[in-house]
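The values are calculated or read from the model by the stated rules, or taken from the named source; none is laboratory data. The structure displayed is predicted, hence computed values, not measured ones. Counting neighbours? That spans all protein chains shown, and the Cβs are built from the backbone with ideal geometry, glycine included.
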Amino acid sequence: MSPDTHYNDSNIIELPSLTKRVTQIVCSIIWCLLAAGPVFGFAALKPILLAEGVYSEKCTAKDCIEQDLSLNFLFTIACMVTNISALPVGSILDSYGPKVTGIIGSFIILLGSLSLQNAKFINWFDGYLFGYTFLALGGPFVFISCFQLANSFPKNSGLILALLTGSFDSSSALFLIYRVIYNNYFELSLNQFFTYYLIVPLFIFVCQLYVMPVDSYKTIGTLAKIAETAIDETGKPMNRDLLLPQDRRESFNSDIQSFPQPSITETTSLLMNAGSHSRRASVISRSSYASRNSVKSVYEQDAEDKLINSSGGVFGIMHGYTITEQLKSPWFLLMTLFTTIQMLRINYFVATIKAQELFLYHGDEDLATTINHFFDLALPLGGLISIPFIGLLLDNLTTLTILMILSIVSIFIGIMGILSWLPGTYLGIVCLVVYRPFYYTAVSDFCAKVFGFDTFGTVYGTIIAFSGVCNILQQSMDKLTHEIFHMNPIPINSVLTLLTFIFAVSLIGYVRSQELELKRKNLELEAQEATVRGIPN
């Protein structure tokens, strides 16, 4: 079979030329670097907003609390919109494909850029809030629509996904570069910066029209499956080293070529609205292949067996349940609570880092600025550096162990965040910038393993969307810090750390109890099978 082919349902479709596929990937990486998530570089942009006098009219002779709250509100709404957009963007992607989705994203970013460009001249609505919100909304459209490019080179899907994800993580550096120019070379006003930035949505629009494919190479539900099992949508392993010995192939009495290909819809890891079409899997038997779905290939069966073992028995535990049953389960509810509190903590820190360090270090402006600058640089670098290590951890540790690592690191970050100890502050920041992509990837990995690939996008998208809605609490926490705690971040950070501990213990405890229950049921089943085998004919 030609390496330049991929499967779509039961048909084999020739891929575009090598040059065109490389061009598509390069273009998507460029726009992801510039537009996928620059709003998360808010900590670097905020000093420029202050210097440019944004919301300065809210200052009084006594203080500028309202100005600071209004600026932080920009980031709060941006985070909320980015995450809530998960499900509706998925519906658009499913219905109209990646090209239309990307074009819509380019227009949204264009509107956001025009609004920020002219915000100081706009009187009838808040141009800064509207513009920053639209930048945040456009990000998922242009980022998620290019995920399907991972199968433009099927044997290198993981590498392409890593490049796209790394580009997203690095996009927060856009405002860092802007701040460096502003502070060290010339004062490039917001109006000037976003005038130049209009090139970005134009570039995306042109790429979508003339470069990008109309239809996806692969859906994100399938990409999630590849990431977990290394098996493509044809039922074949992506890596020939995974081929089974002949005797194992025969033992399954299975021929991969005889299986019909599944019908799959356009979707994304953040934005899928798929229903559940799989069977209710057996959760107590690892050895009985009779209980498996008959359309699974020998390689898929073997890969799932390995995932059951490597995940500690968690893999497949909610596969085949209806989406309603999955969303009502403790697996979903506990992970949602844990994810929500993590997102709140991370985004609250990003929005208020300088104010927090000013208080902790007794008003030392220079030190707080230095710490702020260190964080601005570490945030995009942390995502890039951590990508290969995240993969190693998720591939080699059980789900329970991953959750324990997440919890311990998160609690450690929380403790470092309330100490006026400089090494601890820097260590906490380093841990945070590495933890952020690890936590998002681990939640995705958890959803794929526990809930399955058919409902992966819906479950993961719902968790992220709900967490996004709860991000509105960030504004309340900010207001409490300003008005009740007199800029002291310790009470809010302490509460968030305590909630992290409570939700983490609850989630870990539940997963552990389910692992033990699975082991007990497996032992009972093995005993029953042994008894049956001992009965004479």
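W124 versus (1) of a type in the set (F, W, Y); (2) part of a helix (DSSP H, G or I); (3) more than 18 Å from L473 (Cβ to Cβ): which is the lone unmet condition?
The number of the failed condition is (2).
Could you list, in sequence order, the residues of segment 130-154 that are closer than 22 Å to L71 by Cα and either without any contact (Cβ under 8 Å) to a residue 60 or more places away in the chain or not assigned by TED's automatic domain parsing to the domain that holds T76 (or both)?
Quick first cut of segment 130-154, residues closer than 22 Å to L71 by Cα only: 130-139.
Within segment 130-154, F130, T133, F134, L137 qualify.
Kindly establish whether N72 is at pLDDT below 95 and over 20 Å from Y197 (Cα atoms).
no
Take the residues in segment 170-189 that are polar (S, T, N, Q) and part of a helix (DSSP H, G or I); name whichever of them is surrounded by the most Cβ atoms within 10 Å (Cβ to Cβ).
In this case the residue turns out to be S170.
Would you check which residues across segment 21-54 are within 17 Å of the chain's Cα centre (by Cα) and within 16 Å of Q208 (Cα to Cα) and list them?
I29, C32, A35, A36, listed by residue number.
Which of the following residues is at pLDDT 95 or above and under 22 Å from C79 (Cβ atoms): F375, F412, F359?
F375
Being surrounded by 21 or more Cβ atoms within 10 Å (Cβ to Cβ), out of contact with any Pro (no Cβ under 6 Å at 6 or more places or on another chain) and part of a helix (DSSP H, G or I) narrows it down to one of L137, L111, L163, so name that one.
Working: L111 fails: surrounded by 21 or more Cβ atoms within 10 Å (Cβ to Cβ); L163 fails: surrounded by 21 or more Cβ atoms within 10 Å (Cβ to Cβ).
Matching residue, one of L137, L111, L163: L137.
Tell me whether segment 394-413 contains one or more residues that are over 26 Å from G313 (Cβ atoms) and either within 20 Å of the chain's Cα centre (by Cα) or assigned to a helix (DSSP H, G or I) (or both). Can you show your working first?
In the first step, residues of segment 394-413 are kept if they are over 26 Å from G313 (Cβ atoms); the result is 412-413.
Next, only the ones that are either within 20 Å of the chain's Cα centre (by Cα) or assigned to a helix (DSSP H, G or I) (or both) stay: 412-413.
Scanning segment 394-413, I find at least one residue that is over 26 Å from G313 (Cβ atoms) and either within 20 Å of the chain's Cα centre (by Cα) or assigned to a helix (DSSP H, G or I) (or both), so the answer is yes.
Inside segment 438-496, can you point out the residues that are touching a residue at least 24 places away in the same chain (Cβ under 8 Å), of a type in the set (A, V, I, L, M, F, W, C), in a helix (DSSP H, G or I) and more than 30 Å from H319 (Cβ to Cβ)? Spell out the reasoning first.
First, the residues of segment 438-496 that are touching a residue at least 24 places away in the same chain (Cβ under 8 Å): 438-439, 441-475, 477-479, 481-483, 487-490, 492-494, 496.
Cutting the leftovers down to of a type in the set (A, V, I, L, M, F, W, C) gives us 438, 442-443, 446-448, 450-451, 453, 456, 459, 463-466, 469-470, 472-473, 477, 487, 490, 492, 496.
Within this subset, residues satisfying the condition of being in a helix (DSSP H, G or I) are 438, 442-443, 446-448, 450-451, 456, 459, 463-466, 469-470, 473, 477, 490, 492, 496.
Matches in segment 438-496: L473, M477, I490, I492, L496.
Would you confirm whether any residue within segment 507-515 is aromatic (F, W, Y) and assigned to a helix (DSSP H, G or I)? Even if it seems obvious, please write down each step before you answer.
Looking only at segment 507-515, we keep the residues that are aromatic (F, W, Y), and these are 510.
Filter again for assigned to a helix (DSSP H, G or I), leaving 510.
Yes: segment 507-515 contains one or more residues that are aromatic (F, W, Y) and assigned to a helix (DSSP H, G or I).
Could you tell me which residue of segment 155-182 is nearest to S444 (Cα to Cα), considering only residues that are more than 22 Å from the chain's Cα centre (by Cα) and in contact (Cβ under 8 Å) with a residue 60 or more places away in the chain?
Filtering first and then ranking leaves K155.
Take segment 509-521 and flag every residue that is hydrophobic (A, V, I, L, M, F, W, C) and surrounded by 18 or more Cβ atoms within 10 Å (Cβ to Cβ).
The answer is V511, L518.
Could you list all residues from segment 345-360 that are more than 13 Å from G428 (Cβ to Cβ) and charged (D, E, K, R)?
Of everything in segment 345-360, just one residue is more than 13 Å from G428 (Cβ to Cβ) and charged (D, E, K, R), namely K354.
Suppose we keep only residues that are among the aromatic types (F, W, Y) and at pLDDT 90 or above within segment 427-450. Which one would you say is nearest to I413 (Cα to Cα)?
The qualifying residue nearest to I413 (Cα to Cα) is Y435.
Against the definition (of a type outside the set (A, V, I, L, M) and in contact with a helix residue (DSSP H, G or I) (Cβ under 9 Å, 6 or more places away or on another chain)), how does R533 come out, yes or no? Working first, answer last.
Working: of a type outside the set (A, V, I, L, M): yes; in contact with a helix residue (DSSP H, G or I) (Cβ under 9 Å, 6 or more places away or on another chain): no.
Criteria not met by R533.
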